[in-house]
Amino acid sequence: RFSTTFLPLRPPVALFRRSQFGQCAAAAAAPLRTQRFLSLRASAGAAAAEASVSMGAAKGAAKGAAGDRFLVVHTRVVFRKAPSTTADMVSIAKKGCIIFGTQELVDGQRWVQVSAAMCKEVGIVGGVAWVLMHGACVGLGDLLRPLHDEVECLEELLWRMSGERGERVRPLVAAVLESDVRTASDLLLAAGSAQAREELQRKVFDEALEQGCHVPDQLVDGLKMAVEDSRMAFGGFPQPPPQTKVRLLFTAPHSLPLRREGHSAHQTEAYTSRLAREFAHIVGGCFLTWSQQEERRALEYHKRAGEPDPTNQDPNYTHQDALGERPWTRNLKEVRHSFGFGGPCLHVDLHGCKDPTLGGGSHLVVGLRAMEFAGRTGVEELRLTLQRTFAMALRGVSLNVRPQRQLTGALEDDHCTLTQQSLGEAGGCWTCAVQLEMSRSLRHELIRNKEARTLVAQALSFAFALASGEASDPALVLHTLQYWIARCKSLNKKCGEGSILGGTSEAEDEDEEQREEDAVETTANSEPRPPALPCDDESLEAVEAELLVRARALAKRELGVSSVGQGRPTLVGLLRQWLRSSIDEWPAAQPREQYYVVGTWTDLKPLAMAWDGAHFVHNLTIGKRGFECFQIMLGGDWERTLHPSVDGAGPQVPHALEGPDRKGFGKSWVIGCAKPDASEKKVCARPGELYRVVLLMGSHYDYATAAALDVPDLRPQEVSWELLGLAGGSLPSAPSLPSQQTGRRRAAQEAATQEVRLEPKPRVVIAAE
């Protein structure tokens, strides 16, 4: 949210400032006649955002009475009595404020005439005020920009991606509109094939050139991906990958009506996207779903047209030849690369089906056919472990872990489910993928029953840890598993002899609840039900004993350090950088020379850094000493090293970036402090913490050099690092126990007092006189 301040320039001066919840309060003598609420919300993992405004005074007025909406993008804008830069000022609005009014062209300059309702609300005498839209005449940039209500508005998306900079947005929007593309759906339809994208690229290029803007060759491809990503929601806990606690991804592709090639439309599966987000929050994983904004838009389109939006194709029914162009497949691969390839990772695809009947069906169906088709090992081990953990969490609920005809998680024709895509090369080659089909009754109960929802999510996490044999903290698995089993017993005791489907519930939002209730279930669930699992106390005690044996065996294993993926450049990221920069081409996909990092954790062996479109990055884990030292080499050559001007450089040690040269002997950056001193407040790293080293490259454009190479001349500008969290992750939280871990870490840091220097490897130098 943005703070909003209006300063009416008349006695007595009244200052209106929004409180923490967005409500204006009068801080001076002038009375506050109305209350104004302003909120600006940004969608998680998406490029587009939705701005919503409500005014208490004009709440029941018609939409056209207040005029259009304009967002203040400059630090401050001035309200004037007349459309002239020399007219008297009557008020001031800060960045983030939304102004109501209409555009007028006066003497070649665009002004916004503020609506009478807003003038009355702000307290402007006379009810007349004007605001300049673009400040070129006074040496400034954009002051205001139009704010659109339409979810499908391309201009709104471009403004968000540009960081409210209009130098590139205005000519680009004009070029796109001249190409008969009005909305985001129009763009997706016009760019459906490679040939169509090339034709649209030529049109946009010619129209933008007339506007004085040179657009990159892959602009349409980047716009298409940006629109697709803006319709999806992606996030993680506590932060997106690789900062998640565990390497679990939850997806829910069927939370809105979808088109399916050669088949009837696929209807909404209620509660699946909400469960994906809740499960990710509980276990500390990440989720990938349709955004709530897109769900509302798609449902409204379906009610109005009687069929799904043609741009929303079913990602769970993708042809093998189209995997490289589908946004869900592309995002699966990006998430997998962000997790890295040093350890196992699990993709859980959530779906909904009809309730079981007397003739067959189960409340929960576990599909692992995709792993079997992909030739993954340990499928049977994962199946049996999931059966045990679900039996503990869902006592008395029918469970099928061996479906044969329906809901298996894999297709046998030339189409692929989402789990098949994630296990394949196009989706990132995940190690494990499981499809969960839940009946409507089970989904409804999991939404209403927080305790049952928590236990089911943790059942997935424990099953994955025990089956894969790896965890971020193996010694903690036994303790957290015992606590989870105790909670399962407590829930089963409340439910009595029955199942959780008849347990207690919680109140939910009525509007969203009603929208989910209106969904029609179409997925069949009629496969013969397997023999029911024994749910008596003796059988569950045997399952408990088996799980504890597996947890004790896992606790004896040593903690392994898994790698974390480096950043990967994407066309959406390049488009965002191009909109915010002044260069005419895309930022370089890869600079002309590679940079390497060499440090104490590499045994003085140069390791190539990854390029993400603007930086060279490298992830590392702090060793037992609690600090690491490093330098950066150009081309892996000791004669061309980037180094600080002083040794032991860091955030609290002033220094300058020097090189590349051969003068880096004894000068290195230090992550943490090599010599902890109690008298000085130095930031010390801890063993096992995960850091990312970032080499920022300059964004200036050397036209003399780039004219021949057709790439920007990027040069090192700054070296920094950031804390990503602990290496790996952790299992579901449980009550903390007394531990001496903190004391051990402090003792290890105090013991690491020796100075570490980076020295080049021995070499022979032949000098010629």
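I'd like to verify a number: residues in region 343-359 that are in a loop (DSSP other than H, G, I, E, B) and open to solvent by less than 40 Å² (accessible area, probe 1.4 Å), how many? Within region 343-359, residues that are in a loop (DSSP other than H, G, I, E, B) and open to solvent by less than 40 Å² (accessible area, probe 1.4 Å) number 4. With LEU38, LEU71 as the choices, which residue is under 30 Å from MET232 (Cα atoms), of a type outside the set (D, E, K, R), at pLDDT below 50 and open to solvent by less than 20 Å² (accessible area, probe 1.4 Å)? Exactly one of LEU38, LEU71 is under 30 Å from MET232 (Cα atoms), of a type outside the set (D, E, K, R), at pLDDT below 50 and open to solvent by less than 20 Å² (accessible area, probe 1.4 Å), namely LEU38. Within region 431-441, the residues that satisfy the criterion of being touching a Gly at 6+ places or on another chain (Cβ under 9 Å) and either farther than 22 Å from ASP355 by Cα or assigned to a helix (DSSP H, G or I) (or both) are THR431, CYS432, ALA433, ARG440.
Would you mind stating whether SER362 is hydroxyl-bearing (Ser, Thr, Tyr), under 23 Å from GLU261 (Cβ atoms) and either open to solvent by less than 10 Å² (accessible area, probe 1.4 Å) or in contact with a strand residue (DSSP E or B) (Cβ under 9 Å, 6 or more places away or on another chain) (or both)? Criteria not met by SER362. One residue stands out in region 135-146 among those that are touching a residue at least 12 places away in the same chain (Cβ under 8 Å) and either of a type in the set (Asp, Glu) or open to solvent by 10 Å² or more (accessible area, probe 1.4 Å) (or both): the one that is farthest from THR183 (Cα to Cα), namely VAL138.
Kindly indicate whether LEU394 is touching a strand residue (DSSP E or B) at 6+ places or on another chain (Cβ under 7 Å), closer than 16 Å to ASP349 by Cα and buried (at least 21 other Cβ atoms within 10 Å of the Cβ). Judged against the criteria, LEU394 is not a match. Show the residue pairs that are 6+ apart or on different chains and have beta-carbon atoms under 7 Å apart, the first residue being within region 305-324 and farther than 20 Å from THR251 by Cα, the second being among the aromatic types (Phe, Trp, Tyr) and at pLDDT 90 or above. Listed pairs, sorted by first residue: ASP309/TYR301.
Has region 435-445 got at least one residue that is under 25 Å from GLY343 (Cα atoms) and either in contact (Cβ under 8 Å) with a residue 12 or more places away in the chain or polar (S, T, N, Q) (or both)? Checked against the condition, which is being under 25 Å from GLY343 (Cα atoms) and either in contact (Cβ under 8 Å) with a residue 12 or more places away in the chain or polar (S, T, N, Q) (or both), region 435-445 yields at least one hit. Within region 115-131, the set of residues being within 40 Å of the chain's Cα centre (by Cα) and either open to solvent by less than 10 Å² (accessible area, probe 1.4 Å) or modelled with pLDDT under 90 (or both) comprises ALA117, MET118, CYS119, GLU121, VAL122, VAL131. Out of the residues in region 242-281 meeting the condition of being under 23 Å from THR431 (Cβ atoms) and in a loop (DSSP other than H, G, I, E, B), tell me which one is modelled with the highest pLDDT. The extreme case among them is PRO253. One residue stands out in region 252-308 among those that are in contact with a helix residue (DSSP H, G or I) (Cβ under 6 Å, 6 or more places away or on another chain) and β-branched (Val, Ile, Thr): the one that is nearest to GLY725 (Cα to Cα), namely VAL283. Taken together, THR454, THR419, THR408 contain a single residue that is surrounded by 24 or more Cβ atoms within 10 Å (Cβ to Cβ) and hydroxyl-bearing (Ser, Thr, Tyr), which is THR419.
From the list ALA194, ALA233, ALA252, the one residue that fits, being under 21 Å from LYS333 (Cβ atoms) and free of Cβ contacts under 8 Å to residues at least 12 places away in the same chain, is ALA194. Only one of the numbered conditions (1) surrounded by 22 or more Cβ atoms within 10 Å (Cβ to Cβ); (2) within 17 Å of LEU548 (Cβ to Cβ) is violated by GLY427, and that is (2).
Of all residues in region 369-386, those being part of a loop (DSSP other than H, G, I, E, B) and closer than 15 Å to GLY469 by Cβ number 3. When restricted to residues that are over 15 Å from PRO146 (Cβ atoms), open to solvent by 20 Å² or more (accessible area, probe 1.4 Å), of a type outside the set (Lys, Arg) and touching a strand residue (DSSP E or B) at 6+ places or on another chain (Cβ under 9 Å), region 91-107 contains 2. Only one entry of LEU223, LEU200 meets the criterion of being under 26 Å from the mean Cα position of the chain (by Cα) and open to solvent by less than 20 Å² (accessible area, probe 1.4 Å), and that entry is LEU223.
In this structure, does ARG110 turn out to be surrounded by fewer than 22 Cβ atoms within 10 Å (Cβ to Cβ), part of a helix (DSSP H, G or I) and among the basic types (Lys, Arg)? When the stated conditions are applied, ARG110 does not pass them. Here's a check for you: in region 296-326, which residue that is open to solvent by less than 10 Å² (accessible area, probe 1.4 Å) and outside any strand (DSSP E or B) is nearest to ALA459 (Cα to Cα)? Checked region 296-326; the qualifying residue nearest to ALA459 (Cα to Cα) is PRO315.
The values are calculated or read from the model by the stated rules, or taken from the named source; none is laboratory data. None of the values given here were measured: they were computed from a predicted structure. Backbone-built Cβ (ideal geometry, glycine too); neighbour counts: all protein chains shown. When the accessible area is computed, the model is the full protein with side chains, heavy atoms only, and any ligands, DNA or RNA have been set aside. Shrake-Rupley method; radii C 1.70, N 1.55, O 1.52, S 1.80 Å.
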